[in-house]
Structure formats: structure tokens, C-alpha cells
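The values are calculated or read from the model by the stated rules, or taken from the named source; none is laboratory data. Note that this is a predicted model, so its numbers are computed, not measured. Using ideal geometry, Cβ is built from the backbone for each residue, glycine included, and neighbour counts are taken over all protein chains shown. These accessible areas exclude ligands, DNA and RNA; they are computed on the full protein's heavy atoms, side chains included. Shrake-Rupley method; radii C 1.70, N 1.55, O 1.52, S 1.80 Å.
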Amino acid sequence: MQRSVEIRAELTGRMGGGEGFHYLRWNSKIELSLDCFICERAARTTVLELGAERALCLGSRSGPAGHYAAARIAAFDVTSGADQLALRAVVSFWWAPFTDAKTRHRAAAPTLHPWVRLHVGYDCPQEGGESRNFTIQTNTERPTSEPCAQCARPVATSARTPTIQLLD
């Protein structure tokens, strides 16, 4: 059956201009834990890219590099302001009941302990500043701030944990 989850996240910081601001953007890559009926493993990291028709399940940590999964980013909406950058993404995926081949746990949609990692890009206002990236994820302590790799000023703060909600 087809299922969907909504992911919401928000960053705050000096993004809207003036001295010391960094231009931020959500990158189109999402890593999400899903129970995969293809490899029959629970809580697999699934890598999704905006525009791709399928995802990559990273599968077993001791096995091959992964396999394709029936999942995609169905919506990717960004809202930005002078001091806020928000994301709402919807991930659509196919799911079927199974028992984990290794742990014997029953699969769930979404997985029993949902986890997401979101990728953020930024540009430093200093001359010669390069584009850089950082990530935020659900399983880290809050609030957390990301310093610029070039000028060491704070780029953004993640005060609230990203949310994952089953839609159907």
C-alpha cells in the first residue's frame, strides 16, 4: 500500500540581509528511516532526492551498498524570511507488512522510531566565500547552532526537532 509522511523543519538565524548574514537554502536531499519490505529490514536509512522517481535503501550495514526503494519526495515547500527558513516535505513510499529478517520485529509505516536527516547549504558573505553544507537531524540535542566554516559566525540555529507525521 502507498503511504505518505510529512516532514517539517525550521531554522533561525541572520538570513535576511545585513552584515554577517549567510544565504541559506534547503538542499534537495533527505535521508529518512523506513521499514523496507524489499530487503525485509526495519529502520533502514533511505536516501531521497527531489525529482527522482525512486530512492536508495542503504540496506544492511554489513551487506552491499544498497538497493532501489519505492519512495520519492512528492512535495518540497520552502518558506523563508529575514530570520527564518522553514521546510515542509512530503515523502510518498510503498509499504507492505513483514517481519524483520534479522530482529524478528514486525514492520510499521512509518518505522517505530522515525528519524530524518535534512541537508542545508549556505554561502558565506566574506569575499571568496565558498558554498558549504551542514545537516540537521531528529536525534540530536536541541538547540544546536551551526558555525560558518569560513568566518566562524553562527549560520543558523535548530531550536526544534524536525517532525515526521504519517499522513495516511
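Counting only other residues whose beta carbon sits under 13 Å from that of A75, what net charge do I get with K and R as +1, D and E as -1? Spelling it out: positives minus negatives among the neighbours equals +1. Residues in region 16-168 average 54 Å² of solvent-accessible surface per residue, probe 1.4 Å, ligands and nucleic acids excluded.
Pick from A109, A89, A149 the residue whose mean-square fluctuation is largest in a GNM of the chain, springs joining Cα atoms under 10 Å. Of A109, A89, A149, the Gaussian network model singles out A149 as fluctuating most. Of the residues I38, I30, I73, the one that moves most in a GNM of the chain with alpha-carbon contacts below 10 Å is I38.
For A96, nonlocal amide neighbours, meaning residues 5 or more places apart or on other chains whose placed amide H falls under 5 Å from its own, are F37. Of all stretches in the chain that contain no GluC sites (Glu not before Pro) in a DSSP loop with at most 12 other Cβ atoms within 10 Å, the longest one is 54-126. Given +1 at the Cβ of Lys and Arg, -1 at the Cβ of Asp and Glu and no other charges, the dipole of region 71-130 around its Cα centre is 720 debye to the nearest 20.
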